[in-house]
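For reference, the structure discussed in these notes is given below.
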Amino acid sequence: MADADDVTYQFSMDRETWTEWTDTLPRSQHIDAHLRTLIEQDLRAATRSDDANDIEGKTLDVFATRIRIRTMHAIGALRDDDPDVAAALDQLEELSDMADILQR
């Protein structure tokens, strides 16, 4: 019997898509458990998106400026007569770190 806090939802979709999708699931995982996981992941992604929208415009401007500067440094390191690949990689790693911060 379902708990009072549970929701039961029935839907339909075309059989071919359903079959193709269920064929991708490990046999050890129940379909309902996988659907719950997908819903939870979707909710976390939406929450991260809402959090990103709360960042003040000035903070985004600072990040945009830092990204622009790091990008120009990386390009400059590679455009020289003697390209400094290590310096460019350092700048790219910094850019990746900034993207991770913005994506949280």
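A short reminder: the numbers here are calculations on the coordinates, not readings from a lab. Remember, it's a predicted structure, so these values are computed and weren't measured experimentally. Glycine also receives a Cβ, built like all others from the backbone with ideal geometry; neighbour counts cover every protein chain displayed.
Mind running the shape call on segment 54-104? Use the C-alpha gyration tensor, a ≥ b ≥ c as the square roots of the eigenvalues: rounded below 1.5 for a/c, prolate if a/b tops b/c, oblate otherwise.
In terms of gyration-tensor shape, oblate.
With a sphere of radius 13 Å drawn around the Cβ of I75, what net charge do the other residues whose Cβ falls strictly inside it have (Lys, Arg +1; Asp, Glu -1)?
+1
Tell me, what is the percent relative contact order of segment 28-103, built from C-alpha pairs under 8 Å that lie six or more residues apart?
28 percent
Give me the angle, in degrees from 0 to 90, between the Cα long axis of helix 57-79 and the longest principal axis of the Cα atoms of the chain, rounded to the nearest 10.
In the chain, helix 57-79 runs at an angle near 60 degrees to the longest axis.
Relative to the first principal axis of the alpha-carbon coordinates of the chain, what is the inclination of helix 85-103, with its axis defined by its Cα atoms, in degrees from 0 to 90 and to the nearest 10?
40 degrees
Tell me the mean residue ellipticity at 222 nm calculated for the chain from its helices only (DSSP H runs of n ≥ 4, each -39500 (n - 2.57), averaged over every residue, nearest 500).
So the calculated ellipticity at 222 nm is -24000 deg cm²/dmol.
Angle, helix 31-53 long axis vs. longest principal axis of the chain, Cα atoms, 0 to 90°, nearest 10?
That helix lies at roughly 40 degrees to the long axis.
Say R0 is 25 Å: what FRET efficiency, to the nearest 0.05, do E40 and F11 get from their beta-carbon distance?
Using R0 = 25 Å, I get an efficiency of 0.90.
With 10 Å bins from zero, work out the P(r) of the chain over every alpha carbon pair and list the percent per bin.
Pair shares across the bins are 11, 24, 20, 18, 19, 7, 1, 0.
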